[in-house]
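Asks: Submitted below is the structure of interest, expressed as structure tokens.
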Amino acid sequence: MFVDAIEKAAAFTRSIHMISRNYGSEAVQPHAATLFFVNADGWALTCAHVARVFRSSEQLKAKYDSFKHELAEMRKLGAAGQTQGELEANFEYSEGVQVELHVRFMGCVLGPLTVDIHPHPTADIALLKFNSFDRLLVDSFPIFPKNTSSLRQGLSLCRLGFPFPEFNNFSYDKEQDLIHWTETGRTASPRFPLDGMVTRHMLDSSGEISGFEMSTPGLRGQSGGPAFGADGKVWGMQSATRHLDLDFDVDVEVLRQGVPQRVRESAFLHVGQCIHVDALKAFMVEKNVAFQEG
């Protein structure tokens, strides 16, 4: 049903690769998110919560550089200076606190790159403007439906994104106490489509329709990816996943390989939440971003 539509969407959908590290850890954590281009001028859409994450990378770096500088100075002073624990408290560093984040936009442009971020004031939408590049590596762009009245319960849509990050071209430098990208290793992660049915509309604080719910979850890494129909037209953007309590609590004894085992669990329905196409189009009109309708 969505075979051709997935190919159409893949032509303008790209992955965002991120690596991060927490304080006191040498483990490098890979993450992924999604964006999709809307025109040849370098404008793209993603979620505001995704943009906030990679927007913080420079602040994280500056803070950690400052911490390491003060730690080096403290060690020079020895017992006369403050303790490392006091320094950690000053910088609010403890186990589990993120200290590094590096971002790469995959398959987007050739040459140097700067990105301007334009977040929506209330909705989970961000427009990205790619600048200073030599060539945009996208030459096909989405078509948004002009009439959106058919976005109703029962409509089948597909979402495309990049969950399950499989890239491993990164490393931790113990001497420098830094993580970095490497020239070796796997650089790509496969795209992953997931279909579902529109179940309900979502309203904003003013009572206007701002999004829609789908019968299947959006996966981590699909945030910012398009939700499209069988013809490839984009009806929205994957934003979040909600967990609905089914009130099917189980407490039973079962046999597993001939051994009695107690099973206790609660069931939830994981549903996806998407930004409505009308909200996407309205924000692009507000920012004078060209897009195609049909």
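Asks: Across the stretch 233-291, what is the number of residues that are in a helix (DSSP H, G or I) and aliphatic (A, V, I, L, M)? Lay out the reasoning, then the answer.
Replies: Keep residues of the stretch 233-291 that are in a helix (DSSP H, G or I), which gives 277-286.
Then drop every residue that is not aliphatic (A, V, I, L, M), which leaves 277, 279-280, 282, 284-285.
Here the count works out to 6.
Asks: For the stretch 33-56, what are the residues that are in contact with a Cys (Cβ under 9 Å, 6 or more places away or on another chain) and either at pLDDT below 95 or farther than 20 Å from residue 232 by Cα (or both)? I'd like the intermediate steps shown before the answer.
Replies: Step one: of the stretch 33-56, the residues in contact with a Cys (Cβ under 9 Å, 6 or more places away or on another chain) are 33-35, 37, 42, 44.
Those that are in contact with a Cys (Cβ under 9 Å, 6 or more places away or on another chain) and either at pLDDT below 95 or farther than 20 Å from residue 232 by Cα (or both): 33, 42.
Asks: Can I ask one more? Across the stretch 151-183, what is the total count of residues that are in contact with a strand residue (DSSP E or B) (Cβ under 9 Å, 6 or more places away or on another chain), in a loop (DSSP other than H, G, I, E, B) and more than 20 Å from residue 34 (Cα to Cα)?
Replies: Taking the stretch 151-183 as the starting set, the residues that turn out to be in contact with a strand residue (DSSP E or B) (Cβ under 9 Å, 6 or more places away or on another chain) are 151-173, 178-182.
Add one more test, that the residue is in a loop (DSSP other than H, G, I, E, B), and what stays is 151-155, 162-169, 182.
Right, trim to more than 20 Å from residue 34 (Cα to Cα) and you get 151-155, 182.
The number of residues fulfilling the criteria is 6.
Asks: Does the stretch 258-277 hold any residues that are over 30 Å from residue 144 (Cα atoms), of a type outside the set (A, V, I, L, M) and modelled with pLDDT of 90 or more, and which are they?
Replies: Pass one, the stretch 258-277, residues over 30 Å from residue 144 (Cα atoms): 258-268.
Then drop every residue that is not of a type outside the set (A, V, I, L, M), which leaves 258, 260-262, 264-266, 268.
Matches in the stretch 258-277: 260, 261, 262, 264, 265, 266, 268.
Asks: While we're looking at this one, here's another question. Scanning for something in a strand (DSSP E or B) and more than 17 Å from residue 25 (Cα to Cα), does the stretch 95-104 turn up at least one residue? Walk me through it before giving the result.
Replies: Of the stretch 95-104, the ones in a strand (DSSP E or B) are 98-104.
This time we only want the ones that are more than 17 Å from residue 25 (Cα to Cα), so: 103-104.
So far as the stretch 95-104 goes, yes, one or more of its residues are in a strand (DSSP E or B) and more than 17 Å from residue 25 (Cα to Cα).
Asks: Can you name the residue in the stretch 105-117 that is part of a strand (DSSP E or B) and touching a residue at least 60 places away in the same chain (Cβ under 8 Å) and is also farthest from residue 53 (Cα to Cα) among such residues?
Replies: Quick first cut of the stretch 105-117, residues part of a strand (DSSP E or B) only: 105, 109-110, 114-117.
So of that shortlist, the ones also touching a residue at least 60 places away in the same chain (Cβ under 8 Å) come out as 105, 109, 117.
Values: 105: 13, 109: 21, 117: 12 Å.
Going through the qualifying residues, I end up with 109.
Asks: Could you please find all residues in the stretch 1-56 being more than 25 Å from residue 135 (Cα to Cα) and small (Gly, Ala, Ser)?
Replies: 5, 20, 24, 25, 27, 48, 56, listed by residue number.
Asks: Right, here's the next one. Between residues in the stretch 34-49 that are more than 17 Å from residue 123 (Cβ to Cβ) and residues that are among the small types (Gly, Ala, Ser) and surrounded by fewer than 21 Cβ atoms within 10 Å (Cβ to Cβ), which pairs lie under 6 Å by C-beta distance while being six or more apart or on different chains?
Replies: 39/290
Asks: If you don't mind, another one. Among the numbered criteria (1) acidic (Asp, Glu); (2) surrounded by fewer than 16 Cβ atoms within 10 Å (Cβ to Cβ); (3) part of a helix (DSSP H, G or I), which single criterion is violated by residue 88?
Replies: Failing condition for residue 88: (2).
Asks: Related question: Filter the stretch 116-160 down to the residues that are among the hydroxyl-bearing types (Ser, Thr, Tyr) and within 17 Å of residue 281 (Cβ to Cβ) and list them by number. Steps first, answer last, please.
Replies: Step one: list which residues in the stretch 116-160 are among the hydroxyl-bearing types (Ser, Thr, Tyr), which gives 122, 132, 140, 148-150, 156.
If the condition is that a residue be among the hydroxyl-bearing types (Ser, Thr, Tyr) and within 17 Å of residue 281 (Cβ to Cβ), then 122, 148, 149, 150 are the ones that fit.
Asks: Select from the stretch 57-79 the residues that are aliphatic (A, V, I, L, M) and surrounded by 14 or more Cβ atoms within 10 Å (Cβ to Cβ) and write down the one among them that is modelled with the highest pLDDT. Steps first, answer last, please.
Replies: Residues of the stretch 57-79 that are aliphatic (A, V, I, L, M), as a first pass: 60, 62, 71-72, 74, 77, 79.
When the remaining residues are screened for being surrounded by 14 or more Cβ atoms within 10 Å (Cβ to Cβ), the result is 60, 71, 74.
Details: 60: 94, 71: 86, 74: 82.
Among those residues, the one meeting the criterion is 60.
Asks: Counting only residues that are out of contact with any helix residue (DSSP H, G or I) (no Cβ under 9 Å at 6 or more places or on another chain) and buried (at least 21 other Cβ atoms within 10 Å of the Cβ), which one in the stretch 220-241 is farthest from residue 149 (Cα to Cα)? Don't jump to the end; show me each part of the working.
Replies: First pass over the stretch 220-241, keeping only residues out of contact with any helix residue (DSSP H, G or I) (no Cβ under 9 Å at 6 or more places or on another chain): 220-222, 238, 241.
Still in the running and buried (at least 21 other Cβ atoms within 10 Å of the Cβ): 221-222, 238.
Numbers: 221: 29, 222: 25, 238: 19 Å.
In this case the residue turns out to be 221.
Asks: Further question on the same structure: Find all pairs meeting these conditions: Cβ atoms under 9 angstrom apart; at least six residues apart or on different chains; first residue within the stretch 164-179 and among the aliphatic types (A, V, I, L, M); second residue loosely packed, with under 15 Cβ neighbours inside 10 Å.
Replies: What qualifies is 179/26; 179/173.
The values are calculated or read from the model by the stated rules, or taken from the named source; none is laboratory data. Just so it is clear, the structure is predicted and the values come from calculations on it, not from any experiment. Please note: Cβ atoms are built from the backbone with ideal geometry, for glycine as well, and neighbour counts cover all protein chains shown.
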